[in-house]
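The values are calculated or read from the model by the stated rules, or taken from the named source; none is laboratory data. All values derive from a computational prediction rather than experimental measurement. Cβ: placed from backbone, ideal geometry, glycine included. Neighbour counts: every protein chain shown.
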Amino acid sequence: MDEIVALCRRRGFIFQSSEIYGGINGFWDYGPLGTELKRNLKNAWWHDVVQGELIGPDGNPVDIVGLDSTIIMHPKVWVASGHATGFNDPMVDCKASTQRYRADHLVVLGAIEPGARLYAFVQADDEQRAKSEKALLKYERRETLDPTRHVLRPFTAISDDERSRTQGPDAKEPGSLTAARQFNLMFKTLVGAIEDPANYAYLRPETAQGIFANFQNVVDSSRVKVPFGIAQMGKAFRNEVTPRNFTFRSREFEQMEIEFFIRPDTAVEWYGWWRQQRFRWWQSIGLSSSNLQLREHDRDELAHYAKAGAGVCDIEYKFPFTDPDFGELEGVAHRADFDLRQHAEHSGKGDKARYFDQEKNDRYFPHVIEPSAGADRGTLALLCEAYTRDETRASKVFLRFHPRMAPIKAGIFPLVNKDGMPEIAEKIWKELRKSHVVEFDEKQSIGKRYARMDEAGTPFCLTIDSQTIQDGTLTVRHRDDQRQERLPVGTIGSWLTDQIQGRFD
């Protein structure tokens, strides 16, 4: 993972936000290549689920329309959704280091006996664990840990006396960790110039509620009828206590969400259909089957809105930092009618907010199937999947992106800067850039130019050489196997389009 992070910074995929000032934890900026990669992912999602033609389990085309709601909404939205009171985590502060940790993420290592020194660390952080084990051995002047004596326990399970003897992950002495306290994960802000509690609002912690709050507006203004979906892409914000694993858990992130409204009696078939569609879609853009899995939630994992639903599952990817386990990429949930009912009640609309089904001559709150994906996690998964070591290459690594996802589709090179080659290459570049992101490069040796394109994940390099002058063909170099072939210059535009076009149905 360290190698991937270093490559991302070196080649302009992802930078630490505000890096020149020391950075800010949990926030990331996308550089030129990262911006293109993430945009390709979002464009593919929008094309395939909103603009493409999918046939649902009922045999009819799936109808999905778009929405772009605001980041700041009326505070009552978050009361209705449950975020204002239920979007809390137990937090632990360290008075020595000023760091904050989720209580349920902390574990404590040490002996269960009076006066024993204990060491806390974040459970998923191998570096912190190693540091704690080393500190414990040094304190007790031992060579190895005794598994019968030195045990791991959740931080939430220790007593106040034991907490006073616990050294925090970033502290030098014990006793600096506070008791767990509830902490709201929403970012608070002000609407208006006067700082008054009446003007408090929040940055949205999810994009879904903008869709639910606009459900009636979409029905009234569009020719949609159940079953139909509303799709939205946009930023969401969660004040994560321990953002970690590069862009996997950030405080600012982007979601790609669909709320698909259905008749309650069709929930099982639509849930099953969406879970398979979304799993196949991630495969179609280049994530391999071995690194991807579908996992149904156990009953004790279900959120409040899904307790009586047809099911909830996660599409998970095996990231380097989760291996051999998996991390969530997208959730598919049957939310029942919880959200529409809540907004009807809290807005005072009541039964007037019920959907009128002309076909059934009935009024009801539609149930919802929600496929909710992370654009940042998706981009990270594409980077991890593409990262390939190859010691035979000058670059030593290359990024094996699906051509549809690749930030740069082709590099266009004159073999040498003479004999009319640069002019031909530049003409091809100007023509291809009308339809695709391509790069013209005439500097350094051809091998170094190939290496730069390999690290950028560019699937094809087009080289103009002396034979181009003679017969009008150019050399196409394929990224994955370094195979070369010759194609006529006049056909290269349509050939490139065919190679990178993607279709999902």
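Look at segment 364-396 and say how many of its residues are among the hydrophobic types (A, V, I, L, M, F, W, C) and surrounded by fewer than 18 Cβ atoms within 10 Å (Cβ to Cβ).
So in segment 364-396, the residues among the hydrophobic types (A, V, I, L, M, F, W, C) come out as 365, 368-369, 373, 375, 380-384, 386, 394.
Keeping just the survivors that are surrounded by fewer than 18 Cβ atoms within 10 Å (Cβ to Cβ) gives 394.
Selection size over segment 364-396: 1.
Please enumerate the residues belonging to segment 423-439 that are crowded, with 18+ Cβ neighbours inside 10 Å and either in contact with a Pro (Cβ under 6 Å, 6 or more places away or on another chain) or not β-branched (Val, Ile, Thr) (or both).
Selection gives ALA425, TRP429, LEU432, GLU439.
Matching residues to (1) more than 30 Å from GLY210 (Cβ to Cβ); (2) aliphatic (A, V, I, L, M); (3) within 29 Å of the chain's Cα centre (by Cα):
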| position | (1), (2), (3) |
| --- | --- |
| VAL107 | yes, yes, yes |
| ALA116 | yes, yes, no |
| TYR119 | yes, no, no |
| GLN123 | yes, no, yes |
| LEU145 | yes, yes, no |
| ASP160 | yes, no, no |
| GLY175 | yes, no, no |
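Looking at segment 430-453, which of its residues are touching a residue at least 60 places away in the same chain (Cβ under 8 Å) and assigned to a loop (DSSP other than H, G, I, E, B)?
Within segment 430-453, SER435, HIS436, VAL437 qualify.
Which of the residues spanning segment 326-381 are in contact with a Gly (Cβ under 6 Å, 6 or more places away or on another chain) and either of a type in the set (S, T, N, Q) or under 22 Å from ILE285 (Cα atoms) (or both)?
Once the filter is applied, which keeps residues that are in contact with a Gly (Cβ under 6 Å, 6 or more places away or on another chain) and either of a type in the set (S, T, N, Q) or under 22 Å from ILE285 (Cα atoms) (or both), segment 326-381 yields only SER372.
Would you mind finding the one in ARG280, ARG275 that is closer than 17 Å to TRP45 by Cα and buried (at least 21 other Cβ atoms within 10 Å of the Cβ)?
ARG275 is the lone residue from the list that is closer than 17 Å to TRP45 by Cα and buried (at least 21 other Cβ atoms within 10 Å of the Cβ).
How about segment 192-208: which of its residues are outside any strand (DSSP E or B), closer than 29 Å to GLN99 by Cα and in contact with a helix residue (DSSP H, G or I) (Cβ under 9 Å, 6 or more places away or on another chain)?
ARG204, PRO205, GLU206
Name, by its number, the condition in (1) free of Cβ contacts under 8 Å to residues at least 24 places away in the same chain; (2) more than 19 Å from GLY378 (Cα to Cα); (3) in a strand (DSSP E or B) that does not hold for LEU294.
Status for LEU294: all satisfied but (2).
Right, PRO243: within 23 Å of GLY378 (Cβ to Cβ) and either touching a residue at least 60 places away in the same chain (Cβ under 8 Å) or of a type in the set (Phe, Trp, Tyr) (or both) or not?
yes
Considering each of THR189, THR247, THR178, THR166 in turn, give the residue that is polar (S, T, N, Q) and within 27 Å of VAL332 (Cα to Cα).
The match here is THR247.
Give the residues of segment 347-361 that are closer than 13 Å to GLN216 by Cβ and of a type in the set (Asp, Glu), sorted by residue number.
Listed by number, the list holds a single entry, ASP351.
Out of all the residues in segment 113-160, which are under 16 Å from CYS94 (Cα atoms) and either free of Cβ contacts under 8 Å to residues at least 24 places away in the same chain or in contact with a helix residue (DSSP H, G or I) (Cβ under 7 Å, 6 or more places away or on another chain) (or both)?
Selection gives LEU118, TYR119, ALA120, PHE121, VAL122, PHE155, THR156, ASP160.
Residues checked against (1) more than 21 Å from CYS8 (Cβ to Cβ); (2) polar (S, T, N, Q); (3) surrounded by fewer than 17 Cβ atoms within 10 Å (Cβ to Cβ):
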position	(1), (2), (3)
ALA456	no, no, no
CYS461	yes, no, no
ILE464	yes, no, no
THR468	yes, yes, no
ASP471	yes, no, yes
VAL476	yes, no, no
ASP480	no, no, yes
GLU485	yes, no, yes
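Is there a residue being closer than 27 Å to THR458 by Cα and in the same structural domain as PHE237 (by TED's automatic domain parsing) anywhere in segment 50-72?
yes
Could you run through segment 237-252 and say how many residues are in a strand (DSSP E or B), in contact with a strand residue (DSSP E or B) (Cβ under 6 Å, 6 or more places away or on another chain) and within 22 Å of THR322 (Cβ to Cβ)?
1
In segment 254-266, which residue that is crowded, with 21+ Cβ neighbours inside 10 Å and of a type outside the set (Asp, Glu) is nearest to VAL49 (Cα to Cα)?
Within segment 254-266, the match that is nearest to VAL49 (Cα to Cα) is ILE258.
Mind listing whichever residues of segment 37-70 are crowded, with 19+ Cβ neighbours inside 10 Å and of a type in the set (Asp, Glu)?
Hit for segment 37-70 is ASP48, nothing else.
Is it true that ALA381 is in contact with a strand residue (DSSP E or B) (Cβ under 6 Å, 6 or more places away or on another chain), at pLDDT 95 or above and not in a strand (DSSP E or B)?
The answer is yes for ALA381.
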